[in-house]
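Novice: Right, I'll just put the structure down here and ask away after.
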Amino acid sequence: PRKNLTTSNHLRHVESMAHLPSGAGRITRLNALILGEGLASEEDDLVFPSEDFSSQSHVSSPQKYLEMYQRSVHDPSGFWSDIASEFYWREKWGQQVYHENFDVRKGKIKIEWFKGGMTNICYNCLDRNIESGKGDKTAIYWEGNEPGLDSSMTYNQLLARVCQLANYLKDVGVHKGDAVVIYLPMLMELPIAMLACARIGAIHSVVFAGFSAESLAQRIIDCRPKVVITCNAVRRGSKIIYLKEIVDSALLESAQKGIVTDVCLTYENDSAMKKEMTKWTKGRDIWWQDVILKYPVTCDVEWVDAEDPLFLLYTSGSTGKPKGVLHTTGGYMVYTATTFKYAFDYKPTDIYWCTADCGWITGHSYVTYGPLLNGATVVVFEGAPNYPDVGRCWDIVDKYKVSIFYTAPTLSWSSGYANNKHSLALYKSLSPIEHVSRYSRKSLRVLGSVGEPINPSAWRWFFNVIGDARCPISDTWWQTETGGFMITPLPGAWPQKPGSATFPFFGVQPVIVDEKGVEIEGECSGYLCVKSSWPGAFRTLHGDHERYETTYFSAFPGYYFSGDGCSRDKDGYYWLTGRVDDVINVSGHRIGTAEVESALVSHPQCAEAAVVGVEHEVKGQGIYAFVTLVEGVPYSDDLRKNLVMVVRNQIGAFAAPDKIHWAPGLPKTRSGKIMRRILRKIASRQLDELGDTSTLADPTVVDQLIALADC
Ligand code: WT7
């Protein structure tokens, strides 16, 4: 049973907006390139979609949204089963469309959607689209790291490739429910491998190819795959990364712990490295190209229950051990397809490019499944946004006539354009604007942002400079756990506010609670929770349902707690303010402070470590580590480098601390708890805001830390 619905503030506001005029391209108080100066407040800055855009969009007015939203929360069964019926089901789901217990006080947390329904997500992505005439449509445009290196694949061709791999996997003994680890860069073979697993009911676990051997081993040990799929090497920008060597050490390490992987299927990525140079373990390692082509290009589908697992994706939490987020088939399928369609206002003529890597949830839901379920044409890009120069993205946009471009705010920073924290001034000084203006970008229609809060000045830069003030921006708030978008603009439906993710998606009931878990109404800020389940929600953490319940459902009983802070303004718009737990968001990559700490203390000369996030001009947040050395060990720059190395090796280069701050001692309470609040202030040099230090076991520690701040 659903909780009673209160008429939430956002609905009342959207209702009142239904009568707003929407002049073509009207932008209140927003003058292209005069970014943000002179505004009374960010909340008052409304950016309207053009009439043209609105009239052709799936959701063309606040009113229309409101009607659909109301139905989605008052009658979730009806709303979602209508949508689900557009997919192919071998057998329809049972009487009850969904079943949930969202309240830890009432027993085990349980979420089920379309239970009893038999389907297959690969079939729905490929065969179903081919049957409806899209066989010759381009499914994937692949753009290599080196400009000029590219290829493409139609839906027919993609299905054939997926089937060959699926047949091979079956042949080497992968059955329904078995895990397969995929450690690949953004080659076409990555989505192919995911789809092949889905076709035979195997559970894929993609590990981002930037993770170190130890992180990979940890994941292999946790999910015990029959097969690991990788490639020999990859070029990223001007660097070569030898992926197979990383896999070799991970397999060695996991085998030492008793987890033996039978097969390591290795794709020869000859643009990066010749196969003769690759180290080989006979009997275990197989070249993809040597075997796959021999298999038939058709493969029967394994029909699975809607609640059968589709994939595991590991994500960081507040302890050292990554969490295996489990998504199931039916609800995830319906949810990713629907969110993709509405949040990007997807039309069959669109060319869609999401810059995320399939190693993260964004690449699962919005490179692979969501777009392909819609029969879309997807650009898959292997390289880096700033290679050979920072104009690469716009070059790709023009080359493929990309109409929907979805990225993270950091993309613009890492290419040295915009700065997400300050305003125009900084990026103007850094920004080679000609790298943008020398490309047409005329094909762009909708822009998307994800991964971290996009601040208003970066938003305006994206809107004005990249989109020529023509394209609505979908600032999509969601998480690995949520499977798909939760709070997101629907372009065309209502005016946007730069920096706000706007309103909830259909079926999502966000609430903001205070420290006591009491729901706050109206204009407020607090902890962002969700009141009831949605089809794309994760169902458990692999092998640890208890951790699932304590991490997400126990902090505020009755709700799913996201770990994010959020405020709602007077107009009902939601503004995400960042993590409130011990998770750092570095360039959109989620890193648990505890993971970095445990890597640091594994160094023999490190006695203790405490890690906090600090504002970082380029990465959003940077990693700042306080390190206490073993007694008698002197501070040195070499040691600093070694400590950073340890983190790179154990987690991955993206988790390397930006700063190591020597700490003779750490500020702790008398019960031994590290007071991170104080460390955060020291790290950001807000020394006059240290607050109450009297509860510290040893208050002099703070002075020592301040004294060592710039050593
Ligand atoms: C965390 C989830 C899900 C996509 C990639 C990251 C932050 C994500 C936004 C946004 C503000 C955002 C949150 C969230 N986040 N999107 N549009 N505005 N913050 O997935 O690794 O599971 O991280 O990313 O803090 O909790 P993830």
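Novice: For residue 654, which of the numbered conditions (1) touching a His at 6+ places or on another chain (Cβ under 7 Å); (2) open to solvent by 20 Å² or more (accessible area, probe 1.4 Å); (3) at pLDDT 90 or above fails to hold?
Specialist: So residue 654 meets the others, but not (3).
Novice: OK, next. Got at least one residue in the stretch 302-324 being more than 12 Å from the ligand (Cβ to nearest atom), assigned to a helix (DSSP H, G or I) and more than 17 Å from the chain's Cα centre (by Cα)? Write out each step before concluding.
Specialist: Taking the stretch 302-324 and keeping what is more than 12 Å from the ligand (Cβ to nearest atom), we get 302-312, 318-321, 324.
Cutting the leftovers down to assigned to a helix (DSSP H, G or I) gives us none.
Looking through the stretch 302-324, none of the residues is more than 12 Å from the ligand (Cβ to nearest atom), assigned to a helix (DSSP H, G or I) and more than 17 Å from the chain's Cα centre (by Cα).
Novice: Could you tell me whether any residue of the stretch 341-348 is open to solvent by less than 10 Å² (accessible area, probe 1.4 Å), within 13 Å of the ligand (Cβ to nearest atom), farther than 23 Å from residue 216 by Cα and of a type outside the set (S, T, N, Q)?
Specialist: First, pick out the residues of the stretch 341-348 that are open to solvent by less than 10 Å² (accessible area, probe 1.4 Å): 343-345.
Among the residues that remain, those that are also within 13 Å of the ligand (Cβ to nearest atom) are: 343.
Add one more test, that the residue is farther than 23 Å from residue 216 by Cα, and what stays is 343.
If we keep only those that are of a type outside the set (S, T, N, Q) too, we end up with 343.
Yes, the conditions are met somewhere in the stretch 341-348.
Novice: Just checking, how many residues over the stretch 426-453 are within 16 Å of the ligand (Cβ to nearest atom) and at pLDDT 85 or above?
Specialist: Taking the stretch 426-453 and keeping what is within 16 Å of the ligand (Cβ to nearest atom), we get 446-453.
From the residues that got through so far, the ones that are at pLDDT 85 or above too are 446-451.
Within the stretch 426-453, residues that are within 16 Å of the ligand (Cβ to nearest atom) and at pLDDT 85 or above number 6.
Novice: Under the condition of being assigned to a loop (DSSP other than H, G, I, E, B) and open to solvent by 10 Å² or more (accessible area, probe 1.4 Å), which residue from the stretch 111-125 is nearest to residue 335 (Cα to Cα)?
Specialist: Selected residue: 115.
Novice: Going residue by residue through the stretch 547-554, is there one that turns out to be modelled with pLDDT of 95 or more, in a loop (DSSP other than H, G, I, E, B), open to solvent by 10 Å² or more (accessible area, probe 1.4 Å) and touching a Gly at 6+ places or on another chain (Cβ under 9 Å)?
Specialist: No - not one qualifying residue is present in the stretch 547-554.
Novice: Take the conditions over 22 Å from residue 384 (Cα atoms) and touching a Cys at 6+ places or on another chain (Cβ under 9 Å) and apply them to residue 248. Does it pass? Don't jump to the end; show me each part of the working.
Specialist: Details: over 22 Å from residue 384 (Cα atoms): yes; touching a Cys at 6+ places or on another chain (Cβ under 9 Å): yes.
Against the criterion (over 22 Å from residue 384 (Cα atoms) and touching a Cys at 6+ places or on another chain (Cβ under 9 Å)), residue 248 qualifies.
Novice: Follow-up question, since we're still on this one. Look through the stretch 606-629, keep the residues that are modelled with pLDDT under 90 and among the aliphatic types (A, V, I, L, M), and return whichever of them is farthest from the ligand (Cβ to nearest atom).
Specialist: The residue in question is 607.
Novice: Restricting attention to the stretch 567-579, which residues are under 14 Å from residue 476 (Cα atoms) and either more than 13 Å from the ligand (Cβ to nearest atom) or in a strand (DSSP E or B) (or both)? Write out each step before concluding.
Specialist: Going through the stretch 567-579, the residues under 14 Å from residue 476 (Cα atoms) turn out to be 573-578.
574, 575, 576, 577, 578 - these are the residues of the stretch 567-579 that are under 14 Å from residue 476 (Cα atoms) and either more than 13 Å from the ligand (Cβ to nearest atom) or in a strand (DSSP E or B) (or both).
Novice: Out of all the residues in the stretch 251-284, which are in a loop (DSSP other than H, G, I, E, B) and among the aliphatic types (A, V, I, L, M)? Can you show your working first?
Specialist: First, the residues of the stretch 251-284 that are in a loop (DSSP other than H, G, I, E, B): 257-262, 268-274, 278-284.
Correct list: 259, 260, 272, 273.
Novice: Now, a different point. Does residue 219 satisfy being in contact (Cβ under 8 Å) with a residue 60 or more places away in the chain and more than 30 Å from residue 148 (Cα to Cα)? Even if it seems obvious, please write down each step before you answer.
Specialist: Numbers: in contact (Cβ under 8 Å) with a residue 60 or more places away in the chain: yes; more than 30 Å from residue 148 (Cα to Cα): yes.
Judged against the criteria, residue 219 is a match.
Novice: Hey, among 532, 562, which residue is open to solvent by less than 20 Å² (accessible area, probe 1.4 Å), more than 16 Å from the ligand (Cβ to nearest atom) and within 22 Å of the chain's Cα centre (by Cα)? Break it down into steps so the answer makes sense when it comes.
Specialist: On the way: 562 fails: more than 16 Å from the ligand (Cβ to nearest atom).
Of 532, 562, the one residue that is open to solvent by less than 20 Å² (accessible area, probe 1.4 Å), more than 16 Å from the ligand (Cβ to nearest atom) and within 22 Å of the chain's Cα centre (by Cα) is 532.
Residue by residue, here is whether (1) charged (D, E, K, R); (2) open to solvent by less than 40 Å² (accessible area, probe 1.4 Å); (3) assigned to a helix (DSSP H, G or I) holds:
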| position | (1), (2), (3) |
| --- | --- |
| 60 | no, no, no |
| 67 | yes, no, yes |
| 88 | no, no, no |
| 95 | no, no, no |
| 99 | no, no, no |
| 105 | yes, no, yes |
| 140 | no, yes, no |
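Novice: Could you go through the stretch 109-119 and let me know if any residue there is among the acidic types (Asp, Glu) and in contact with a Phe, Trp or Tyr (Cβ under 7 Å, 6 or more places away or on another chain). So that I can check it myself, show each step before the final result.
Specialist: Taking the stretch 109-119 first, the residues among the acidic types (Asp, Glu) are 112.
Of the ones still in play, those that are also in contact with a Phe, Trp or Tyr (Cβ under 7 Å, 6 or more places away or on another chain) are 112.
Yes, there is a match, as at least one residue in the stretch 109-119 is among the acidic types (Asp, Glu) and in contact with a Phe, Trp or Tyr (Cβ under 7 Å, 6 or more places away or on another chain).
Novice: Of all residues in the stretch 588-605, count the ones that are under 18 Å from residue 676 (Cβ atoms) and either open to solvent by less than 30 Å² (accessible area, probe 1.4 Å) or more than 16 Å from the ligand (Cβ to nearest atom) (or both). Steps first, please.
Specialist: Within the stretch 588-605, the subset under 18 Å from residue 676 (Cβ atoms) is 590-601.
In the following step, the residues that additionally are either open to solvent by less than 30 Å² (accessible area, probe 1.4 Å) or more than 16 Å from the ligand (Cβ to nearest atom) (or both) were identified as 591-601.
Looking only at that region, the number is 11.
Novice: Is there a residue in the stretch 474-490 that is surrounded by 23 or more Cβ atoms within 10 Å (Cβ to Cβ), more than 14 Å from the ligand (Cβ to nearest atom) and touching a residue at least 40 places away in the same chain (Cβ under 8 Å)? Lay out the reasoning, then the answer.
Specialist: Of the stretch 474-490, the ones surrounded by 23 or more Cβ atoms within 10 Å (Cβ to Cβ) are 474-478, 481-490.
Right, trim to more than 14 Å from the ligand (Cβ to nearest atom) and you get 490.
Among the residues that remain, those that are also touching a residue at least 40 places away in the same chain (Cβ under 8 Å) are: 490.
Scanning the stretch 474-490, I find at least one residue that is surrounded by 23 or more Cβ atoms within 10 Å (Cβ to Cβ), more than 14 Å from the ligand (Cβ to nearest atom) and touching a residue at least 40 places away in the same chain (Cβ under 8 Å), so the answer is yes.
Novice: Could you please find all residues in the stretch 224-250 being open to solvent by 10 Å² or more (accessible area, probe 1.4 Å) and assigned to a helix (DSSP H, G or I)?
Specialist: Passing the criteria: 245, 246, 248, 249.
Novice: Further question on the same structure: Looking at the stretch 580-592, which of its residues are in a strand (DSSP E or B) and within 30 Å of residue 44 (Cβ to Cβ)? Break it down stepwise before answering.
Specialist: Of the stretch 580-592, the ones in a strand (DSSP E or B) are 583-586, 589-592.
Answer for the stretch 580-592, where residues must be in a strand (DSSP E or B) and within 30 Å of residue 44 (Cβ to Cβ): just 585.
Novice: Let me ask another. Kindly establish whether residue 499 is crowded, with 21+ Cβ neighbours inside 10 Å and touching a strand residue (DSSP E or B) at 6+ places or on another chain (Cβ under 7 Å). Working first, answer last.
Specialist: On the way: crowded, with 21+ Cβ neighbours inside 10 Å: yes; touching a strand residue (DSSP E or B) at 6+ places or on another chain (Cβ under 7 Å): yes.
Yes; evaluated as a whole, the condition is true for this residue.
Novice: Right, another one. Scan (1) surrounded by fewer than 19 Cβ atoms within 10 Å (Cβ to Cβ); (2) without any contact (Cβ under 8 Å) to a residue 40 or more places away in the chain for the single condition residue 664 breaks and write down its number.
Specialist: So the condition that residue 664 fails would be (2).
Novice: Does the stretch 321-340 contain any residue that is surrounded by fewer than 24 Cβ atoms within 10 Å (Cβ to Cβ), under 20 Å from residue 561 (Cα atoms) and out of contact with any Phe, Trp or Tyr (no Cβ under 9 Å at 6 or more places or on another chain)?
Specialist: Yes, some residue in the stretch 321-340 is surrounded by fewer than 24 Cβ atoms within 10 Å (Cβ to Cβ), under 20 Å from residue 561 (Cα atoms) and out of contact with any Phe, Trp or Tyr (no Cβ under 9 Å at 6 or more places or on another chain).
Novice: How many residues does the stretch 502-514 contain that are open to solvent by 10 Å² or more (accessible area, probe 1.4 Å) and in contact with a Phe, Trp or Tyr (Cβ under 8 Å, 6 or more places away or on another chain)?
Specialist: Step one: filter the stretch 502-514 for residues open to solvent by 10 Å² or more (accessible area, probe 1.4 Å), giving 509-510, 514.
Now restrict to residues that are in contact with a Phe, Trp or Tyr (Cβ under 8 Å, 6 or more places away or on another chain): 510, 514.
Result for the stretch 502-514: 2.
Novice: For the stretch 535-557, check the following and say yes or no: at least one residue is more than 14 Å from the ligand (Cβ to nearest atom), small (Gly, Ala, Ser) and under 20 Å from the mean Cα position of the chain (by Cα).
Specialist: no
Novice: Something else about it: Can you tell me which residues in the stretch 371-381 are open to solvent by less than 10 Å² (accessible area, probe 1.4 Å), assigned to a loop (DSSP other than H, G, I, E, B) and under 17 Å from residue 405 (Cβ atoms)?
Specialist: 376
Novice: Take residue 166 and tell me if it is open to solvent by 10 Å² or more (accessible area, probe 1.4 Å), in contact (Cβ under 8 Å) with a residue 40 or more places away in the chain and either of a type in the set (Gly, Ala, Ser) or out of contact with any strand residue (DSSP E or B) (no Cβ under 8 Å at 6 or more places or on another chain) (or both). Explain how you work it out, then say what you get.
Specialist: Working: open to solvent by 10 Å² or more (accessible area, probe 1.4 Å): no; in contact (Cβ under 8 Å) with a residue 40 or more places away in the chain: yes; either of a type in the set (Gly, Ala, Ser) or out of contact with any strand residue (DSSP E or B) (no Cβ under 8 Å at 6 or more places or on another chain) (or both): yes.
So residue 166 does not fit the description; no.
The values are calculated or read from the model by the stated rules, or taken from the named source; none is laboratory data. What you are looking at is a predicted structure, and each value in this text was computed from that prediction instead of being measured. All Cβ positions, even for glycine, are placed from backbone atoms using ideal geometry, and neighbour counts span all protein chains on display. For accessibility, only protein heavy atoms count, side chains too; no ligands or nucleic acids. Shrake-Rupley method; radii C 1.70, N 1.55, O 1.52, S 1.80 Å.
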